[in-house]
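Peer 1: Here you go, one structure.
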Amino acid sequence: MVRFVDVPGMQRWVRMTGLEAAITGIAAAIEADFLRWPEFDKSARVANHSEVGVIELMPISDDRTYAFKFVNGHPGNPARGLQTVTAFGVLADVASGYPTLWTEMTILTALRTAATSALVARVLAPQGASTMAMIGTGSQSEFQALAFRAMLGIDRLRIWDTDPAAMDAFERNIRPLGFDVVRAQSAEEAVQGAEIITTCTADKAYATILTDDMVGKGVHVNAIGGDCPGKTELDPRILRRSDIFVEYPPQTRVEGEIQQLAADHPVTEFWRVLRGDAPGRTSAEEVTVFDSVGFALEDFSALRYLADAIEGTDVYQDVDLIADPVDPKDLFALVADAAAVSAHI
Ligand code: NAD
C-alpha cells in the first residue's frame, strides 16, 4: 500500500500543524538536508516547454529515499481560472524501488518555497531587517509573508502587483494575521525603505520587475519568479553588482536570473554558506541576491518531513497503487480471470 495525501488531507495537516509551524518545520528539514548536500544524487530538472508554459519533473535521491515532483508553470492560467503552478510528488524506498508516499504538492510547494526563501534570507539579509517589499502578490505571496515573519520577524510589508485584485486578496488574507501592509502604486514605491525585496511575479518573458536604481546598498533580493529559460525578473546590472547565491548551479545557470550573465559568472552555492565553507553577507553595504528557481532537494525535504509528521494521523489513505502479486514472478495471476473470459468468447 502507498500512503496518499489528497488536497483535503493536506488542508487537514496544515490545520492541525499550523501554517507557521509547518513552514518552520519544513525549513529545518531543508536546512538539515542542505547540510548533507554531497550525499544526494542530484540532477537539473527535466523541463518540457510549450509556448504557454512548462511541465517539469524534479528527481533526487540519497542512499535510502528517492523523491520526484511533477510541477507546471503556466503564467496565463489564472486568466482561465487555473493556478499558475500545480504539483504532486512521490517518495520511494531506494532499496525496493517501491513508492511509499504520493501527495498533492501545490500547497506543499508554496510552503517549501517560502521555507527556503526565509531560510536563505535568515543567513543573508541585513541585520535588523524589519520591512519587506513584495512585488507580485499571487498564490505564493501569503506563504512568503508568513515564512519571513516566522523566521526573521518581518511584519512590515510593502506590496505591488499589476493586478489590483491580487493585492485585494493578499490584503484580505494577510491583514487579519497582524501584518502592517502598505499598498504601493508601483514597484518603485513598494521598494522604498525595504531591506528585503521579494520578486514573485509570473510572466514568460525577460521582464524587468526591478531596475538597477531600485535596489539600494545592503538590500537582500529574494528573486523567486525567474525560474525558466526566457523568464527573468531582474535587470542584469543588479546582478553584476551583487553577490549571487544559488541552489544547484547546473539548473540555475539555465533557469535563473543568471541566465542573463556569462556562463562563468561567479555564484555561491547556498549549502556551502550553511556549512561555513563559503562566506555569506560580508558587509552591511553588500547587495545579496537569492536567485531561487526551486530545487528538488527542497521537495525531498518537504516530502520526508510530511511523511514523518502524518504517521498515525487521518491525513492519508492507503491506496493500492502498486500491483504486487503473492508470487512476484506471477503478475499474470492478477489478470488471469480476464484471460479466462477472453478464452471463453
Ligand atoms: P501567480 O500567477 O499566482 O502570481 C503571480 C503574480 O505576479 C500575479 O498576481 C501577477 O498579476 C503578478 N505580476 C505579473 N507581472 C507583474 C509585474 N510586472 N509587476 C508586478 N506584478 C506582476 O503565481 P505564483 O504561484 O504566485 O508564482 C509566482 C512565480 O513564482 C511564478 O513565476 C512561479 O513560476 C514562481 N515560483 C517559483 C518557485 C521557486 O522555488 N523559485 C516556486 C513556486 C513558484
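Peer 1: On C-alpha positions alone, give me the angle between the axis of helix 7-17 and the longest principal axis of the chain, in degrees, nearest 10.
Peer 2: 60 degrees
Peer 1: On the Cα set of the chain, report Rg and Dmax in Å, please.
Peer 2: Rg then Dmax for the chain, in Å: 21.5, 82.
Peer 1: Keeping all protein chains in place, calculate the accessible area per residue for segment 226-345 (probe 1.4 angstrom), answer in Å².
Peer 2: Here the residues of segment 226-345 average 49 Å² of exposed surface.
Peer 1: Using only the Cα atoms of segment 1-117, what semi-axes does the equivalent ellipsoid have when each is the square root of 5 times a gyration tensor eigenvalue? Give whole Å, largest first.
Peer 2: After diagonalising the Cα gyration tensor, the semi-axes are 23, 19, 15 Å.
Peer 1: Using a 1.4 Å probe on the protein heavy atoms only, what accessible surface does Ile30 show? Give it in Å² to the nearest 10.
Peer 2: Approximately 0 Å² for this residue.
Peer 1: Each residue of segment 205-217 in turn: what ³J(HN,Hα) in whole Hz from Karplus with 6.51, -1.76, 1.60 and θ = phi - 60°, glycine and Pro shown as x?
Peer 2: Residue by residue, segment 205-217 yields 7, 6, 8, 10, 6, 10, 8, 4, 5, 7, 10, x, 4 Hz.
Peer 1: What number do you get for segment 34-180 when its Cα radius of gyration is normalised by 2.2 N^0.38 Å, N = residues?
Peer 2: The reported ratio for this selection is 1.21.
Peer 1: Now for a separate question. Given Ala32, Gln140, Leu124, which one lies farthest toward the positive end of the charge dipole of segment 1-150, if we put +1 on the Cβ of every Lys and Arg and -1 on the Cβ of every Asp and Glu?
Peer 2: Value computed over the given set: Gln140.
Peer 1: For the chain, which whole-number percentage of the solvent-accessible area (1.4 Å probe, protein heavy atoms only) is attributable to carbon and sulfur atoms?
Peer 2: C and S atoms contribute 54 percent here.
Peer 1: Something else now. Whose amide H sits under 5 Å from the amide H of Glu269, counting only residues 5 or more places off or on another chain, with H placed in the peptide plane?
Peer 2: Val246
Peer 1: Still on this model: Could you state the accessible area per residue of segment 5-140 in Å², with a 1.4 Å probe and every protein chain left in place?
Peer 2: 41 Å²
Peer 1: Also: Once both axes come from the Cα atoms, what is the angle between helix 141-152 and the longest principal axis of the chain, in degrees from 0 to 90, rounded to 10?
Peer 2: Computed tilt is about 70 degrees.
Peer 1: So what does Arg175 come to for accessible area, using a 1.4 Å probe and Å² rounded to 10?
Peer 2: Rounded to the nearest 10, that gives 100 Å².
Peer 1: Which order do Val181, Val326, Val341 take by accessible area at a 1.4 Å probe, largest first?
Peer 2: Sorted descending by solvent-accessible area, the residues read Val326, Val341, Val181.
Peer 1: What is the extension gain from Glu20 to Val94, computed as 0.36 nm multiplied by their sequence separation minus the C-alpha to C-alpha distance, in nm to one decimal?
Peer 2: Extending this stretch completely gives an extra 23.5 nm.
Peer 1: What's the Cα-based Rg to Rh of segment 259-345, Rh via Kirkwood?
Peer 2: 1.33
Peer 1: Could you give me the percent of Cα pairs per 10 Å distance bin for segment 159-288, shortest bin first, beginning at zero and ending with the bin that holds the maximum distance?
Peer 2: Percent of Cα pairs in each bin: 12, 39, 33, 15, 1.
Peer 1: Take the chain, mark every one of the GluC sites (Glu not before Pro) that falls in a DSSP loop and has at most 12 other Cβ within 10 Å, then report the longest stretch left between them, sites excluded.
Peer 2: Counting only loop sites that pass the neighbour cut-off, the longest clear stretch is 52-284.
Peer 1: Now for a different question. Quick one: order Lys231, Lys204 from most to least accessible surface, probe 1.4 Å.
Peer 2: The ranking, largest first, comes out as Lys204, Lys231.
Peer 1: Could you report the accessible area of His265 in Å², rounded to 10, computed with a 1.4 Å probe on the protein chains as they sit in the structure?
Peer 2: Approximately 40 Å² of His265 is accessible to the 1.4 Å probe.
Peer 1: Here is a follow-up. Per 5 Å bin, what is the whole-percent P(r) computed from every C-alpha pair distance within segment 99-201?
Peer 2: 2, 13, 25, 25, 18, 8, 4, 2, 1, 0
Peer 1: Same structure again: May I ask what percent, to the nearest 5, of DSSP beta bridges between residues of segment 88-245 are antiparallel?
Peer 2: Among the beta bridges of segment 88-245, antiparallel pairing accounts for roughly 25 percent.
Peer 1: Say we join alpha carbon atoms closer than 10 Å with springs in a Gaussian network model of the chain; which of Asp41, Asp62, Asp235 then has the biggest fluctuation?
Peer 2: Result for the chain, Cα springs under 10 Å: Asp41 fluctuates most.
Peer 1: Return the percentage of antiparallel bridges among DSSP beta bridges fully within the chain, rounded to the nearest 5 %.
Peer 2: 50 percent
The values are calculated or read from the model by the stated rules, or taken from the named source; none is laboratory data. The shown structure was predicted, so the numbers you read here are calculated from the model rather than taken from an experiment. Cβ sites come from the backbone with ideal geometry, for glycine too, and all protein chains shown count toward neighbours. Note: areas computed on protein heavy atoms with side chains; ligands, DNA, RNA excluded. Shrake-Rupley method; radii C 1.70, N 1.55, O 1.52, S 1.80 Å.
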